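Remarks on the structure that follows.
The values are calculated or read from the model by the stated rules, or taken from the named source; none is laboratory data. Just so it is clear, the structure is predicted and the values come from calculations on it, not from any experiment. Cβ: placed from backbone, ideal geometry, glycine included. Neighbour counts: every protein chain shown. Surface accessibility is based on the protein's heavy atoms, side chains included, excluding ligands, DNA and RNA. Shrake-Rupley method; radii C 1.70, N 1.55, O 1.52, S 1.80 Å.
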Amino acid sequence: MTAVKICGITRAEDAQTAARLGAHAIGFVFYDKSPRFIDPRRAAAIARAMPPFVTCVGLFVDPEPAWVREVLGVVSLQLLQFHGDEPPELCARFALPYVKAVRVRPELDLLEYSACYREARGLLLDAYRPGVPGGTGERFDWSLVPQGLPLPVILSGGLTPENVVEAIRAVRPWAVDVSSGVEADKGIKDAAKIAAFIERVRNADV
């Protein structure tokens, strides 16, 4: 089955709902300009309540290394996610596996980009909007994803219960990552939308 990550978690009840419905991972946004930013202490409490085999992911955007270390001193994370212009050396310096996000546009060579981040556990593909690091709720042209990328693909960008089947069948990613597509409001998840999203991911794999 295509793995599912529910990102932008700000409430314990949303994390528990995502886990109960079958999400493989939840994401905490540690970028203070995001409406889905979460205080590390709150994230820590949510992470402690997660059942086994649900990965807790910390999302950062061009962070100071000291901020990443501060978060890691509070929150038990299993995976880091970098959404800015972080060089590979920064991404790899925290003794945790990481995935690297990239905002897809026609002029970007994803094969070359993957080679630069060869130590990443995966490449998260998001929509491009100038000046915005992600979380736009917009989709990109899935035909821009080449075959044979050397890293596992995590597909993001404007995914919803209505389009996730089409997206999976077009790209065949290792995982899908959704935030705004399962929300009632920014940072507030909708349990029915999460359930519909995960059900349709399962249907796409049939």
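Being open to solvent by less than 70 Å² (accessible area, probe 1.4 Å) and modelled with pLDDT under 95 is the requirement here; does residue 79 meet it? Break it down into steps so the answer makes sense when it comes.
Values: open to solvent by less than 70 Å² (accessible area, probe 1.4 Å): yes; modelled with pLDDT under 95: no.
Here the answer is no, as residue 79 does not meet what is asked.
Could you go through the stretch 48-63 and let me know if any residue there is aliphatic (A, V, I, L, M) and more than 24 Å from residue 152 (Cα to Cα).
Applying the first criterion (aliphatic (A, V, I, L, M)) to the stretch 48-63 yields 49-50, 54, 57, 59, 61.
Still in the list and also more than 24 Å from residue 152 (Cα to Cα): 49-50.
Yes, that holds for at least one residue.
Are there any pairs with C-beta distances below 7 angstrom linking a residue in the stretch 18-42 that is surrounded by fewer than 16 Cβ atoms within 10 Å (Cβ to Cβ) to a residue that is modelled with pLDDT under 95 and assigned to a strand (DSSP E or B), with the two at least 6 apart or on different chains, and if so which?
Pairs found: none.
Sort out which residues of the stretch 74-94 are without any contact (Cβ under 8 Å) to a residue 24 or more places away in the chain and either over 15 Å from residue 60 (Cβ atoms) or among the charged types (D, E, K, R) (or both), and write them in order of number. Spell out the reasoning first.
Taking the stretch 74-94 as the starting set, the residues that turn out to be without any contact (Cβ under 8 Å) to a residue 24 or more places away in the chain are 78, 80, 82, 85, 87, 89.
Of everything in the stretch 74-94, those that are without any contact (Cβ under 8 Å) to a residue 24 or more places away in the chain and either over 15 Å from residue 60 (Cβ atoms) or among the charged types (D, E, K, R) (or both) turn out to be 85, 89.
For the stretch 178-198, how many residues meet the condition of being without any contact (Cβ under 8 Å) to a residue 12 or more places away in the chain and assigned to a helix (DSSP H, G or I)?
Step one: filter the stretch 178-198 for residues without any contact (Cβ under 8 Å) to a residue 12 or more places away in the chain, giving 184-185, 190, 192.
Then keep just the ones that are assigned to a helix (DSSP H, G or I); that gives 192.
Residues meeting the conditions: 1.
Would you mind stating whether residue 52 is in a loop (DSSP other than H, G, I, E, B), surrounded by fewer than 19 Cβ atoms within 10 Å (Cβ to Cβ) and in contact (Cβ under 8 Å) with a residue 40 or more places away in the chain? Outline the logic, then answer.
On the way: in a loop (DSSP other than H, G, I, E, B): yes; surrounded by fewer than 19 Cβ atoms within 10 Å (Cβ to Cβ): yes; in contact (Cβ under 8 Å) with a residue 40 or more places away in the chain: no.
No: the conditions fail for residue 52.
Hey, can you tell me all the residues within the stretch 1-17 that are outside any helix (DSSP H, G or I) and either over 13 Å from residue 187 (Cβ atoms) or open to solvent by 50 Å² or more (accessible area, probe 1.4 Å) (or both)? Steps first, please.
Initially, the stretch 1-17 is screened for residues outside any helix (DSSP H, G or I), giving 1-11.
1, 2, 3, 4, 5, 11, listed by residue number.
Restricting attention to the stretch 141-181, and to residues there that are open to solvent by 30 Å² or more (accessible area, probe 1.4 Å) and of a type in the set (Gly, Ala, Ser), which single residue is modelled with the lowest pLDDT?
148
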